[in-house]
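What follows is one structure encoded as structure tokens, with my remarks underneath.
The numbers here are math on the coordinates, done by the rules we state, and not lab data. These numbers were taken from a predicted model, which means no experiment stands behind them. Reconstructed Cβ throughout: ideal geometry from the backbone, glycine too, with neighbour counts over all protein chains shown.
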């Protein structure tokens, strides 16, 4: 699981900072999460192949999370894309994109499949054999979802050394892979778990931006390996957080602590701050394992 | 008159090139022409004060000329703008912007005044005491206008030295400024033109992008001081120009020659070319005074 931060600053693109967008690489998927203005240039800077992106998740329809999407969709067309593109986002996203394409007489030559969201309850919005994606309803000025990405636990794998040590013939290996115990010629039963190896731990990532402090989400993200939680403000501006439906660094850390997550990544810093180090310091008062997102930063989760 | 190129490449924003946008400073106005994705960051790089922009002209609704506008409008709001903003562009632009603001529940706290264009005839779309802006109907895949910016000829100014040499009393100076001749005490009539100075030459700028080769525009831009004309292709790809309704460098130069303009600036280069020098070379075969636009380049026209 690998996370590339394309942009993690609030409000408005500037010379050196970009609005929210990130790519989560998980089980051979490249999931694009949010798409602020400038995302396609950030993708190029990170040398991420556009063709590997097939699913785009948009948290909410504020410009700093969404205004890069029309251009990205157009660029996919110019690059000759023919694969379906799936877009998950709040109700209204299809109307907006469709209108822009219509006005430009620039219909895509690939299928755009919209998955519009309107439920205020968490729901599974994507699933395949290896991963699920669910919504995390957040509390912001417009309808907003975070997203929970979970790997599925893979099947146990054959422990060839163990099987051979019992003299088990190859023709039984598929049965072992299918979870069966084995009865040896001498009548002993060897339990499947002695003949197989634990699969790699299934990892999970929760993206929560933008949101006011919302402890309701704790059960949804309990024990995730990595939580990205917005931290727009420092304590000194904490009175702005509930007003604007954003969080402080400490509030993000409090969510991380209650949810007992493995690691907290902070982002969505207000551009009023000249340095982001204080976000980590304040969060560390509440929760130990805190990292700071920054544009272009790559996190590898092993 | 001063022109700042914010972006002048076709199709899609890339790490080092930006789609179309430029600022024309003329008679104390800062007119923004087109607004591709990334325009607001380019404005910051050029240190252009956002508050000085009150009129935005959009040629057509293809993304590379327009997708930076929703973000720019949002940023004006975040910057606390309260002055009216006038937006001139094809019919549909108001619906698009309004929908995006509605979906984000992000109405501006300043007035957005849309001037939607649909005429296929040239028309004056802005006028004050010092400048006029007219449309130049172009030939592209969607409804597209170029824009002609013309300074008005200022009034002749008083030549104090000349007036004093005739011993004319100050109380007559206003009459001179108003264009009157003066009768001296000795009965001689001094013509106004002897007592006044020529005003500075009224300059003009024509922006023509995107368009196929369209000689119909020649009478509209005859003798302009500066013509910016798109040149998407070189001769080697000339067969693509009519198909995509774009122009070659030579076609742009041919328009410049027929219109007898003072200077031709080329732009809107296809990103397939690694160097833009050939655009100038090919245009120079037809027309002598050719400059190449490039992102961040500033032209001062004295």
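Enter the mean number of other protein chain beta carbons within 10 Å of the beta carbon of each residue in B:138-146, as an integer.
Partner-chain Cβ atoms within 10 Å, mean over residues of B:138-146: 1.
If the viscosity is 0.692 mPa s and the temperature 37 °C, what translational diffusion coefficient in µm²/s does Stokes-Einstein give for the stretch A:163-277 when Rh comes from Kirkwood over Cα pairs?
Using the Kirkwood radius from Cα pairs, D works out to 186 µm²/s.
For residue A:281, place a label point 7 Å from Cα along the Cα-to-Cβ direction in every copy; what are the distances to the other copies, in nm, shortest first?
Spacings between copies for this position, smallest first, are 5.8 nm.
Compute the normalised compactness of chain B: alpha-carbon radius of gyration over 2.2 N^0.38 Å, N being the residue count.
1.16
Once the label point is set 7 Å along the Cα-to-beta-carbon vector, what list of distances in nm do you get between residue A:28 and its counterparts in the other copies?
Its label point is 6.6 nm from the equivalent points in the other copies.
Is the stretch A:257-302 best put as rounded, prolate or oblate by its Cα gyration tensor, with a ≥ b ≥ c the root eigenvalues, rounded for a/c under 1.5, and otherwise prolate when a/b is larger than b/c, oblate when not?
Oblate, because a/c is 1.5 or more while a/b does not exceed b/c.
For B:138, A:99, A:264, what's the fewest-to-most ordering of other Cβ within 10 Å of each Cβ?
Listed from fewest to most nearby Cβ atoms, that is A:99, B:138, A:264.
What's log10 of I(q)/I(0) for the stretch B:157-197 at q = 0.14, 0.29 Å⁻¹, Debye sum over Cα points only, no solvent?
After summing over all Cα pairs, the log10 values are -0.22, -1.05.
Taking Cα pairs under 8 Å and at least six residues apart, what relative contact order does chain B come out at, in percent?
16
Within 10 Å of each Cβ in peptide B:12-18, how many partner chain Cβ atoms are there on average? Round it to a whole number, please.
Mean number of neighbouring Cβ atoms from other chains: 5.
Counting each DSSP H run of 4 or more residues in the protein assembly as shown as -39500 (n - 2.57), what helix-only mean residue ellipticity at 222 nm follows after dividing by all residues, to the nearest 500 deg cm²/dmol?
Only helices count here, giving -6000 deg cm²/dmol.
Taking every DSSP beta bridge that has both residues in the protein assembly as shown, what percent is antiparallel when rounded to the nearest 5?
55
Taking every pair of alpha-carbon atoms in the stretch B:43-92, give the share separated by more than 13 Å as a whole percent.
63
Only Cα pairs under 8 Å and at least 6 apart count here; give the relative contact order of the stretch A:53-125 as a rounded whole percent.
37
So for the stretch A:216-302, Kirkwood radius off the Cα pairs, Stokes-Einstein at 10 °C and 1.306 mPa s: how many µm² s⁻¹?
Translational D for this selection: 123 µm²/s.
If you average the alpha carbon positions of the stretch A:119-139 and of the stretch B:251-302, how far apart do those two centres end up, in angstrom?
Centre-to-centre (Cα) distance: 52 Å.
May I ask you to work out the translational diffusion coefficient for the stretch B:74-228 at 10 °C, viscosity 1.306 mPa s, via Stokes-Einstein with Rh from the Kirkwood sum over Cα pairs, reported in whole µm²/s?
80
Considering only the label points, 7 Å along Cα→Cβ from Cα, what distances in nm to one decimal separate residue A:181 from the same position in each other copy, shortest first?
Distances between equivalent label points, in nm: 12.4.
Average partner chain C-beta neighbours within 10 Å, per residue of A:178-189?
Neighbouring Cβ atoms belonging to other protein chains average 0 per residue here.
How long are the three semi-axes of the equivalent ellipsoid of the protein assembly as shown, in whole Å, if each is the root of 5 times an eigenvalue of the C-alpha gyration tensor, listed from largest down?
61, 29, 18
Given the peptides A:276-289, A:177-190, A:155-168, arrange them by the average over their residues of other C-beta atoms within 10 Å, most packed first.
A:276-289, A:155-168, A:177-190
Would the stretch B:1-101 count as rounded, prolate or oblate if I go by the C-alpha gyration tensor, calling it rounded below 1.5 in a/c and otherwise prolate when a/b exceeds b/c, oblate otherwise?
Judged from the Cα gyration tensor, the stretch B:1-101 comes out rounded (a/c under 1.5).
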